[in-house]
Amino acid sequence: MLRSAEPFSRPAVTLPDNNALSEKWRAVERQIDDEMLVLAICEEDRSKCASPLAEKFLDIVAAGKAKQGRARAGEINRALNLAIRPNSDLALYGETDVWRAPLDLLAVGAGDCEDYAIAKFVALRAAGFAPSDLRLVIMRDTLRQEDHAVASVRLDGRWWLLDNRRMAMVEDVQLPNHNPLFVLDLNGVRHYRDAPTMAGAQMRMPEPAELSRFPRPSK
């Protein structure tokens, strides 16, 4: 049974194109479009693939494609959590709030929550999930008092969250201490109506010690 068009079952309204978050998302989408061309060439003929990073990403997608439904999304969540080391933008680049497309992220080998979320969003799409069933969600963790980003996929009317802080996916209704702020997809950026007008679109990546609280299964 379908509950909502958006994760967390709350209405969202489209933001104007001239806001900072929409501009940041459009910039990442352009990077993703460029990478999708590389991935398409490599997928068509691996022998002509000149990008080991594209091959690594396609291997993750292929492992997901070998499964169905929730297991497919769960495989992608787990694989990308294992492929990327958690680290802050400040430590990596000397600045805050840097968003990376998937191959660029794999080249660095480390990133924070929105980098994981973007990579999973692209991988889910490449694995065959309909774009209309995919979202990025920026939400406020009211326990840690920090913003956090996750990918989300709709399966049988239920929204599942792919979180770099968890190996297992969780349903949106299982996170009562998280307030959704923005939702992003191929149609742009939308703002949840009951959220603050602006969120600090800078998100503190959990420290490695925090991530280690969640079991990481063997490869």
Next on the checklist: Would you confirm whether or not region 105-115 contains a residue that is out of contact with any helix residue (DSSP H, G or I) (no Cβ under 7 Å at 6 or more places or on another chain), hydrophobic (A, V, I, L, M, F, W, C) and crowded, with 18+ Cβ neighbours inside 10 Å?
Outcome noted: yes
Checklist outcome for this item: Taking region 146-176 and keeping residues over 13 Å from residue 120 (Cα atoms), of a type in the set (D, E, K, R) and part of a loop (DSSP other than H, G, I, E, B) leaves 156, 165, 166
Checklist entry - From the list 55, 29, 44, which one is of a type outside the set (Phe, Trp, Tyr) and within 16 Å of the chain's Cα centre (by Cα)? => result 29
Checklist entry - Could you list, in sequence order, the residues of region 33-67 that are farther than 16 Å from residue 123 by Cβ and either in contact with a Phe, Trp or Tyr (Cβ under 7 Å, 6 or more places away or on another chain) or not acidic (Asp, Glu) (or both)? => result 37, 41, 46, 47, 48, 49, 50, 52
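Take residue 13 and decide whether it is surrounded by 15 or more Cβ atoms within 10 Å (Cβ to Cβ), farther than 19 Å from residue 127 by Cα, out of contact with any Cys (no Cβ under 9 Å at 6 or more places or on another chain) and β-branched (Val, Ile, Thr). Working first, answer last.
Working: surrounded by 15 or more Cβ atoms within 10 Å (Cβ to Cβ): no; farther than 19 Å from residue 127 by Cα: yes; out of contact with any Cys (no Cβ under 9 Å at 6 or more places or on another chain): yes; β-branched (Val, Ile, Thr): yes.
Answer is no for this residue.
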Checklist outcome for this item: Among helices (runs of 4 or more DSSP H) entirely inside region 1-102, those with 2 or more residues being touching a residue at least 40 places away in the same chain (Cβ under 8 Å) and not charged (D, E, K, R) are 20-44, 52-65, 69-83
Item to check | Failed criterion for residue 132 (all others in (1) in a helix (DSSP H, G or I); (2) buried (at least 21 other Cβ atoms within 10 Å of the Cβ) hold) | outcome: (2)
Checklist entry - Is it the case that residue 117 is in a helix (DSSP H, G or I), of a type outside the set (Phe, Trp, Tyr) and without any contact (Cβ under 8 Å) to a residue 40 or more places away in the chain? => result no
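Read-outs: derived from the displayed coordinates by stated rules, not from any lab. Bear in mind the structure is a predicted one, so any value in this text is a computation, not a measurement. We place every Cβ from the backbone using ideal geometry, glycine too, and count neighbours over all the protein chains shown.
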